[in-house]
Amino acid sequence: MAENVLKIDNVTMQFGGVVAVNNLSLEVNKNEIVSLIGPNGAGKTTAFNVVTGVYAPTNGAVFFNGNKIIENFPHGKMKKLYAGLNNGLYKGHLEPTPDKITKMGIARTFQNIRLWKSQSVFDNVLIAKHCRRTSNVFTATFRLNSKEEKAQRQETEELLNILGLYDVRNEKCTSLPYGLQRRLEIARALATNPSFLLLDEPAAGMNPQETQELTDFIYKIRDDFKLTVFMIEHHMDLVMNISDRIYVLNFGALISKGTPEEVQNDPVVISAYLGEEKIS
């Protein structure tokens, strides 16, 4: 039986009267590469934001490695506004911040590249490692953390070497070609020592050659770092080639799931993407 890493359980995310994600349930198993696809505005990034603590869900729960890490239910003004399903099913309130989610072993990249533009390639990765530091203001002031700092600098060099970024480590990150900036953003996520990696449209803006290189790169980091990967992507060739399984969202609701072949031939998915009348 497959070992479950992430489980999203009946999650609804509502903003005012708008239901962005409606009763979403899905699972990602250990060492899988699973994709979440759907038309623009389907709620994909919103789902990622719930998993990573950017948003607290309006209703539902999220489990990581078998432990419930997020839970919420309609309360306050949302008690009257709530338009989703399963009202009353959940009673708890767990709302960890993104930094706490990261320390659990969950890392992500963003749809729009969010590198620290004034920093070098090396410093972008080193700064990400600081989430694992044990030092505090006192030890930093009196340089009592020098051993830890030295170790993290060495780990950063090793990571850049593994990911093919060592030769550009001293360059300003914005001077890199677009494909390398995407790779650097993934390197920065890996610097937090995750076991679960979320990639939000990693191939956005890439040409075919860069996309193929990215495909190989995702396989490499999955295997080398023993990661489980959950990915949002619009590039269908990449999705179909790399995914073990695929979930499809449309207007915030799950409309299909399965292997790439099953999803690709699902008439409901074809209808959602082509804008045809939905097939019953």
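We did not get these values from a lab; they are worked out from the coordinates using the rules stated. Predicted model only: the values in this text are computed from it and were never measured. Cβ coordinates were reconstructed from backbone atoms using ideal geometry, including for glycine residues, and neighbour counts include every protein chain displayed.
Convert 25 °C to kelvin, take the viscosity as 0.890 mPa s, use the Kirkwood radius over C-alpha pairs of the stretch 181-250 as Rh, and evaluate the Stokes-Einstein diffusion coefficient in µm²/s, rounded to a whole number. Estimated via Stokes-Einstein, D reaches 196 µm²/s. Among the aspartates and glutamates, which have Cα under 16 Å from the Cα of Lys91 when same-chain residues fewer than 8 positions away are ignored? Cα-Cα hits under 16 Å: Asp9, Glu71. Averaged over all directions, how much area does the convex hull of the C-alpha atoms of the stretch 164-280 cover when projected, in nm²? Computed as one quarter of the Cα hull surface, the answer is 8.7 nm². Each other residue within a Cβ distance under 13 Å of Lys68 adds +1 if Lys or Arg and -1 if Asp or Glu, for a net charge of -1.
For the chain, a Gaussian network of Cα nodes joined below 10 Å ranks Gly252, Gly17, Gly38 by mean-square fluctuation, and the top entry is Gly17.
Here the translational diffusion coefficient of the stretch 2-59 follows from Stokes-Einstein with Rh set to the Kirkwood radius across Cα pairs; for 25 °C and 0.890 mPa s it amounts to 203 µm²/s. Pairs exceeding 20 Å between alpha-carbon atoms, taken from Lys129/Lys172; Lys79/Lys103; Lys129/Lys226; Lys7/Lys77; Lys44/Lys117: Lys79/Lys103; Lys7/Lys77; Lys44/Lys117. Restricting the calculation to Cα atoms, the stretch 1-158 shows an Rg/Rh of 1.05 when the hydrodynamic-style radius is the Kirkwood one.
The C-alpha atoms of the stretch 33-123 occupy a region whose extents along the principal axes are 49, 31, 29 Å, arranged from largest to smallest. Computed over the alpha-carbon atoms, the chain gives an Rg to Rh ratio of 0.99, Rh here being the Kirkwood radius from the mean inverse distance.
Among Ser175, Ser271, the ranking by other beta carbons within 10 Å of each residue's beta carbon, starting with the fewest, stands as Ser175, Ser271.
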